[in-house]
Amino acid sequence: MNALDPETQRSELEAIAPELLERKEAKVSELPPLPGAEEGKVVLRLAPYPSGPLHIGNARAFLLNDEYAKRYRGRLILAFDDTIGSEAKPILPEAYDQIREGLDWAGIDVHDVVYKSDRIPLHYEWAEKLIATGNTYVCECPPERLQALRREKKACEHRLQEADESFAMWRAMLDGQYREGDAVLRLRTDIAHPNPAFRDRVLFRIAEREHPRVGTKYRVWPLLEFSWAVDDHLLGITHVIRGKDLVIEDMMEEAIWDTLRIERRPHFIHFGILRFKDVDLSKSQIRVGIAEGRLTGIDDPRAWTLQSLRRRGIRPPALRSFVLSFGLSLTDVEVPVESLYSENRKLIDKDANRYFFVPEPVTIEIQGLPHVGPLRVPLHPDFPGRGERILPVAEKVHVPREDYEKLRGKEVRLKDFCNVVLDRRAKFLSMENRDIPKIQWVAHGPNGHVVMPGGSESRGIAEPAVASLKVDDIVQFERFGFSRIDRVTKSEVHAYFAHR
RNA sequence: GCUCCCGUAGUCUAGCCCGGUCAAGGAUAGAGGCCUUUCGAGCCUCGGACGCGGGUUCGAAUCCCGCCGGGAGCACCA
């Protein structure tokens, strides 16, 4: 059969068992092709602003870009979008490395790294080309006046400037004759444009703040639209895949290219807004939370950074298939994180060995327990060949408080051990496996601390075998959930909870 | 308010461009069953959707119009 070519195999199979074919075709749907994309010639970019580490909400942007770069064997440029920013969103020097660390973990192939803050002279050069076209002007209106006039579709007196006058004022901006806020360079688009956001947008402004990489070398900084109009062209970007909150930036880039008569332009592709149920995402909140001590660090599970996902034992491919499953849809989506967990569960279930962890232990004493030696239990019920762990037995054992309270007085089975009537003094019933509620238990073992997604810590006792686990091991604490081992000594184990 | 975008089951998504093969596929969540010394995994079964109203057409989830609903943008942030 295998000697036949695939076509023949297929038609043979179709005749014998057509239902097998149908199943094969029901695989995951692929992302749509990129318009005008040629194998080997696609150049994409990632443009993070270094105000903090990447979090799960940023994942759509970098995973889509990476996925397409891989698919077309193209190049992906990491371009730190580190223009001066705003006072509300300062650049964090350590964020550069945190972002790279996150991308690295997520399996993003970065082919080149550039910094916007290194390219300011280029932007000046192109600004002057743009000024020479006569389609810009230096505006001295204070921000409130600028906005008010924009709302009323009215031009200010600066709009009448000739190119050489603009040029002189632009030099004055660069030379420090204007203070922060006193002058901006604006593009003359259409002061009555139906979209108020598009009326003579600002291209450059003055910021006297110090930049973490280039200090006070520059005082005139480009805004995102202008810097990208220049850099998308210069870097030879073929496709810009960005969120739909940035659509107006497309229009601005187009307008700048039009006036500059630039022909080589990328395609713009957008995706909808991604939100998570019951999860608040904000880089600045992460920063504030850490500063105020409410979060333990950038990998605090409440921060939802890539670092925090790593620490919990979320695997990068799970994140990828989860995020890519939303495709390129323009629809705004709000998804439960459970979908991510289910994706991760598929990946880790077969690897995660099983152990007992008893949170909030209650001690019970088994009355009438016959003599039994230590129990040998498989590390994984589906793979008996993988090995066994040894569970010491005693008359006094610990069980989870929650189960104790719920099942007190009832017949329960201490899993892999024996059946009792659950109470402080528990009556031994039998050894045989019966179909009654089963709970985990522990005679003695290391203290366990499991950091939960909400930031709290679940404390209890783990079985002895847990003390010989290694950092980064992902285990399933039976009936408790999957967790990643974070730190372990003979007497203590610290873990991070992944999900059930 | 203005500009743009979106509307398939609880949630996410395929299909929509090029109308019939869609009595709408998949995933996840849910219900039930089997298996299993976990409330995990696996296997099987079930319920569940084309926002509304018109129009075009032999035929519309797919095309057209209107309405309704949701979102984003309207920064000298990115």
Identify the residue in the range A:177-217 that is in contact (Cβ under 8 Å) with a residue 12 or more places away in the chain and among the small types (G, A, S) and, among all such residues, is nearest to A:D250 (Cα to Cα).
A:A197
Every listed condition ((1) under 28 Å from A:H211 (Cβ atoms); (2) open to solvent by less than 50 Å² (accessible area, probe 1.4 Å); (3) within 15 Å of RNA strand B (Cβ to nearest atom)) holds for A:G102 save (3)
Among (1) more than 27 Å from A:L347 (Cβ to Cβ); (2) not in a loop (DSSP other than H, G, I, E, B), there is one condition A:R310 misses while meeting the rest; what is its number?
(1)
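Condition check ((1) of a type in the set (S, T, Y); (2) in the same structural domain as A:D473 (by TED's automatic domain parsing); (3) open to solvent by 40 Å² or more (accessible area, probe 1.4 Å); (4) within 14 Å of RNA strand B (Cβ to nearest atom)) across all residues:
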position: A:V288; (1), (2), (3), (4): no, no, yes, no
position: A:G297; (1), (2), (3), (4): no, no, no, no
position: A:L309; (1), (2), (3), (4): no, no, no, no
position: A:G313; (1), (2), (3), (4): no, no, no, yes
position: A:S321; (1), (2), (3), (4): yes, no, yes, yes
position: A:L324; (1), (2), (3), (4): no, no, no, yes
Somewhere in the range A:73-90, is a residue more than 16 Å from RNA strand B (Cβ to nearest atom) and part of a helix (DSSP H, G or I)?
no
Restrict the check to the range A:46-59 and report whether at least one residue is closer than 20 Å to A:V114 by Cβ and assigned to a helix (DSSP H, G or I).
yes
Would you call A:E128 open to solvent by 20 Å² or more (accessible area, probe 1.4 Å) and away from RNA strand B (no atom under 12 Å from the Cβ)?
yes
When only residues in the range A:352-374 that are over 17 Å from A:V420 (Cα atoms) and without any contact (Cβ under 8 Å) to a residue 60 or more places away in the chain count, which is most open to solvent (accessible area, probe 1.4 Å)?
A:P374
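Residues checked against (1) more than 12 Å from RNA strand B (Cβ to nearest atom); (2) under 16 Å from the mean Cα position of the chain (by Cα); (3) surrounded by fewer than 20 Cβ atoms within 10 Å (Cβ to Cβ):
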| site | (1), (2), (3) |
| --- | --- |
| A:D66 | yes, yes, no |
| A:K70 | yes, no, yes |
| A:D97 | yes, yes, yes |
| A:K116 | no, no, no |
The number of residues in the range A:449-464 that are over 20 Å from the mean Cα position of the chain (by Cα) and in a strand (DSSP E or B) is 8
Go through the range A:131-145 and count every residue that is in contact (Cβ under 8 Å) with a residue 12 or more places away in the chain and within 16 Å of RNA strand B (Cβ to nearest atom).
8
Of the listed residues (A:R213, A:R205, A:R171), the one being of a type outside the set (S, T, Y), under 30 Å from A:L64 (Cα atoms), modelled with pLDDT of 95 or more and in the same structural domain as A:P142 (by TED's automatic domain parsing) is A:R213
Tell me which of these A:E334 doesn't satisfy, since it passes every other one: (1) in a helix (DSSP H, G or I); (2) acidic (D, E); (3) farther than 23 Å from A:R479 by Cβ.
(1)
Restricting the range A:179-203 to residues that are within 8 Å of RNA strand B (Cβ to nearest atom) and outside any loop (DSSP other than H, G, I, E, B), the one surrounded by the most Cβ atoms within 10 Å (Cβ to Cβ) turns out to be A:V184
Can you tell me which residue is nearest to RNA strand B (Cβ to nearest atom) among those in the range A:391-410 that are part of a strand (DSSP E or B) and open to solvent by less than 90 Å² (accessible area, probe 1.4 Å)?
A:P400
Hey, any hits in the range A:270-285 for a residue that's within 22 Å of A:Y96 (Cα to Cα), part of a loop (DSSP other than H, G, I, E, B) and among the small types (G, A, S)?
yes
Any pair with Cβ under 7 angstrom, 6 or more apart, that starts in the range A:102-123 at a residue that is in a helix (DSSP H, G or I) and ends at one that is open to solvent by 20 Å² or more (accessible area, probe 1.4 Å) and within 13 Å of RNA strand B (Cβ to nearest atom):
A:I120/A:Y218
Residues of the range A:224-257 that turn out to be modelled with pLDDT under 95, open to solvent by 30 Å² or more (accessible area, probe 1.4 Å) and not in a helix (DSSP H, G or I), as a count
0
Per the filter on the range A:132-154, residues modelled with pLDDT of 90 or more and assigned to a loop (DSSP other than H, G, I, E, B) are A:T133, A:G134, A:N135, A:E140, A:C141, A:P142
Restricting attention to the range A:456-482, report how many residues are open to solvent by less than 30 Å² (accessible area, probe 1.4 Å), in contact with a Leu (Cβ under 9 Å, 6 or more places away or on another chain) and more than 16 Å from RNA strand B (Cβ to nearest atom).
0
Given (1) open to solvent by less than 20 Å² (accessible area, probe 1.4 Å); (2) more than 40 Å from the chain's Cα centre (by Cα), A:I436 misses just (1)
Hey, any hits in the range A:209-222 for a residue that's within 13 Å of RNA strand B (Cβ to nearest atom), assigned to a loop (DSSP other than H, G, I, E, B) and not hydroxyl-bearing (S, T, Y)?
yes
Pair list, Cβ under 7 Å, 6 or more apart: the range A:411-428 residue free of Cβ contacts under 8 Å to residues at least 12 places away in the same chain and in a strand (DSSP E or B), other residue more than 9 Å from RNA strand B (Cβ to nearest atom) and among the aliphatic types (A, V, I, L, M)
none
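The values are calculated or read from the model by the stated rules, or taken from the named source; none is laboratory data. For clarity, every value in this text was computed on a predicted model and none was experimentally measured. FYI the Cβ positions are ideal-geometry reconstructions off the backbone, even for glycines, and counts take in every protein chain you see. These accessible areas exclude ligands, DNA and RNA; they are computed on the full protein's heavy atoms, side chains included. Shrake-Rupley method; radii C 1.70, N 1.55, O 1.52, S 1.80 Å.
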